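Presented below is the structure to which this report refers.
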Amino acid sequence: MPLNGEGKLWGTLGDSLTSVGMYQPLVQRALGFREVLNYGRSGCSMTAGGDRDLGATVHIGKTIDPGLDYVTIFAGTNDFRLDKPLGTPDSYEINNFYGAYRSLVEHILTNNTACRLNLWTPLQRDKDGFDTISVNAAGCRLLDYVEAIRDIGLQYALPVLDLYRESGFTKLTLPLLTDDGLHPNEAGYARIAQLACSFLSRI
C-alpha cells in the first residue's frame, strides 16, 4: 500500500470512537502520516444545542488547524442517540444534523481548500435500546443519518467511507467487534483501520 500520507498532517473529528485514539495510530503507521491531530469529543453529536453543545463537532471542527492535509469527520451515532433533528438537504441551521454538517463542511473547505476532506458514516450499533431498527424521538433511524452523510458527500463531491454498510459491524458481529454494542474493541478498531487505510490511500 502506498504511503500517500507520508509527511502529511491528518485531523480526525468525531465522538468517543475517535477521541479514544485507537484507529489513528494504526492508520498513521500504515500510511505514514507525520502527525495526527485528534479533535474527537466523547459523548457529543455533530449537531449543536443541548447540554453537550460545547463539544459539538460543528463547533470543534471550526477550530481545527487550517493547515491539515487530510480531515476526517466520523460522526452521527450520537445525533441518533440524542434525538437530534435530521433537517433538510438545503439547511444551514446548526441545530439540525444536515445544517450542522453542511455548515462545518463549507467552513473547512473555505478555509482549507487543498485539504482532502472525507466523511465516515456511523457504524451499526445495539446499545441503550438504540439499534438499526429503532426510531428515535426525532422520528429517525440511524440509517437516516447515514444517508444524510452520503447525500452531503454527493453535494460537495467528497469521498464517503460507508462503515454502516461496509465494516461488517452488525448485530451478529457486535459481540466480537465491540465492548458494549457500540464502542469497538481492539479487533473492531483494527477492522476500522484496515478499511480506512484502503479508503484514504485512494484519495
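May I ask you to say which residue of Leu117, Leu86, Leu104 is aliphatic (A, V, I, L, M), at pLDDT 95 or above and closer than 23 Å to Cys197 by Cα?
Numbers: Leu86 fails: closer than 23 Å to Cys197 by Cα; Leu104 fails: closer than 23 Å to Cys197 by Cα.
Step by step, each of Leu117, Leu86, Leu104 is checked, and only Leu117 is aliphatic (A, V, I, L, M), at pLDDT 95 or above and closer than 23 Å to Cys197 by Cα.
Looking at the stretch 83-102 only, could you name the residues that are over 15 Å from the mean Cα position of the chain (by Cα) and either part of a helix (DSSP H, G or I) or surrounded by 20 or more Cβ atoms within 10 Å (Cβ to Cβ) (or both)? Write out each step before concluding.
As a first pass, look at the stretch 83-102 and keep what is over 15 Å from the mean Cα position of the chain (by Cα): 83-96, 99.
Listed by number, the residues that qualify are Lys84, Pro85, Leu86, Gly87, Ile94, Asn96, Gly99.
What's the number of the condition Leu109 fails, among (1) surrounded by fewer than 18 Cβ atoms within 10 Å (Cβ to Cβ); (2) outside any loop (DSSP other than H, G, I, E, B); (3) in contact with a helix residue (DSSP H, G or I) (Cβ under 6 Å, 6 or more places away or on another chain)?
(3)
Considering only the stretch 136-143, I want to know if a residue exists there that is more than 30 Å from Thr110 (Cβ to Cβ), aliphatic (A, V, I, L, M), touching an Asp or Glu at 6+ places or on another chain (Cβ under 9 Å) and at pLDDT 95 or above.
Yes, that holds for at least one residue.
Tell me which residues, restricted to the stretch 67-82, are in a loop (DSSP other than H, G, I, E, B) and either in contact with a strand residue (DSSP E or B) (Cβ under 8 Å, 6 or more places away or on another chain) or β-branched (Val, Ile, Thr) (or both). Walk me through it before giving the result.
Taking the stretch 67-82 as the starting set, the residues that turn out to be in a loop (DSSP other than H, G, I, E, B) are 67-69, 75-76, 82.
Residues satisfying the conditions are Gly67, Leu68, Asp69, Ala75.
Output the number of the condition that Gly40 fails; it satisfies all remaining conditions of (1) assigned to a loop (DSSP other than H, G, I, E, B); (2) surrounded by fewer than 21 Cβ atoms within 10 Å (Cβ to Cβ); (3) touching a strand residue (DSSP E or B) at 6+ places or on another chain (Cβ under 6 Å).
The single condition Gly40 does not satisfy is (2).
Test Gly11 against the criterion of being small (Gly, Ala, Ser), more than 25 Å from Thr132 (Cα to Cα) and in contact (Cβ under 8 Å) with a residue 24 or more places away in the chain, and give yes or no. Give the derivation first.
Numbers: small (Gly, Ala, Ser): yes; more than 25 Å from Thr132 (Cα to Cα): yes; in contact (Cβ under 8 Å) with a residue 24 or more places away in the chain: yes.
So Gly11 passes the test.
Might you let me know whether the stretch 183-200 holds any residue that is surrounded by 18 or more Cβ atoms within 10 Å (Cβ to Cβ) and more than 25 Å from Gly21 (Cβ to Cβ)?
No - not one qualifying residue is present in the stretch 183-200.
Out of curiosity, is Val58 in contact with a strand residue (DSSP E or B) (Cβ under 8 Å, 6 or more places away or on another chain), assigned to a helix (DSSP H, G or I) and buried (at least 21 other Cβ atoms within 10 Å of the Cβ)?
On the way: in contact with a strand residue (DSSP E or B) (Cβ under 8 Å, 6 or more places away or on another chain): no; assigned to a helix (DSSP H, G or I): yes; buried (at least 21 other Cβ atoms within 10 Å of the Cβ): yes.
Considered against the rule, which asks whether it is in contact with a strand residue (DSSP E or B) (Cβ under 8 Å, 6 or more places away or on another chain), assigned to a helix (DSSP H, G or I) and buried (at least 21 other Cβ atoms within 10 Å of the Cβ), Val58 comes out as no.
Just to be sure I understand, how many residues within the stretch 43-55 are out of contact with any Cys (no Cβ under 9 Å at 6 or more places or on another chain) and exposed (fewer than 15 other Cβ atoms within 10 Å of the Cβ)? Talk me through it step by step, then tell me what you get.
Let us first name the residues in the stretch 43-55 that are out of contact with any Cys (no Cβ under 9 Å at 6 or more places or on another chain), namely 43-51.
Filter once more, so that each one left must be exposed (fewer than 15 other Cβ atoms within 10 Å of the Cβ): 43, 50-51.
Number of matching residues: 3.
So, in the stretch 64-90, of the ones that are charged (D, E, K, R) and in contact with a helix residue (DSSP H, G or I) (Cβ under 6 Å, 6 or more places away or on another chain), which residue ends up nearest to Asp15 (Cα to Cα)?
Result: Asp79.
Here is a yes/no grid of residues against (1) farther than 17 Å from His183 by Cα; (2) hydroxyl-bearing (Ser, Thr, Tyr); (3) in contact (Cβ under 8 Å) with a residue 60 or more places away in the chain; (4) in contact with a Leu (Cβ under 6 Å, 6 or more places away or on another chain):
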| residue | (1), (2), (3), (4) |
| --- | --- |
| Ser16 | no, yes, yes, no |
| Met22 | no, no, yes, no |
| Glu35 | yes, no, no, yes |
| Arg41 | no, no, no, no |
| Ser45 | no, yes, no, yes |
| Arg52 | yes, no, no, no |
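The values are calculated or read from the model by the stated rules, or taken from the named source; none is laboratory data. Being a predicted model, the structure only gives us computed values, none of them experimental. Here Cβ is always computed from backbone atoms with ideal geometry, including for glycine, and neighbour counts include all displayed protein chains.
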